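This report concerns only the one structure given below.
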Amino acid sequence: MDKAAYLDAMNITRWRSADKPGKPYLVLHDVDADLSEQGFIEQVLALLDVLPEQCDFDCELLKGPQVVWDMRKVKMRPRVAWLVSAPLSEVIQSADEKRQLWQQICQHRNKVA
């Protein structure tokens, strides 16, 4: 049995060394999320001037990195993400979800500029 799969199934997070610097950005998703649409994710991150290599993709909020995108079904407080959307599979299929995501991207870009 794969230990990583077992830990994921039990919702057990892995220990992270404080010596290893983490990535500056975080993308939150559900445990069972399908992140196979890498092209779409990369396009959204590019609009935010963020590279995928700068991001950790995790299921829970970590102390330290800035949350760029929260695509979990159930949103937790505090809401500190630049973008908040439905899970990726819903965004891909829904024009309304894409429109809401685009509006948030525009708002963020205007705030930064």
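The values are calculated or read from the model by the stated rules, or taken from the named source; none is laboratory data. Remember, it's a predicted structure, so these values are computed and weren't measured experimentally. SASA here: full protein model, heavy atoms, side chains in, ligands and nucleic acids out. Shrake-Rupley method; radii C 1.70, N 1.55, O 1.52, S 1.80 Å.
Taking the accessible area of the stretch 23-112, probe 1.4 Å, and keeping the other protein chains in place, the carbon and sulfur fraction comes to 50%. If you sort the three axes of the alpha carbon gyration tensor as a ≥ b ≥ c, you get a/c under 1.5 for the stretch 23-112, which makes it rounded.
Computed over protein heavy atoms with a 1.4 Å probe, the accessible surface of the stretch 19-66 works out to 62 Å² per residue.
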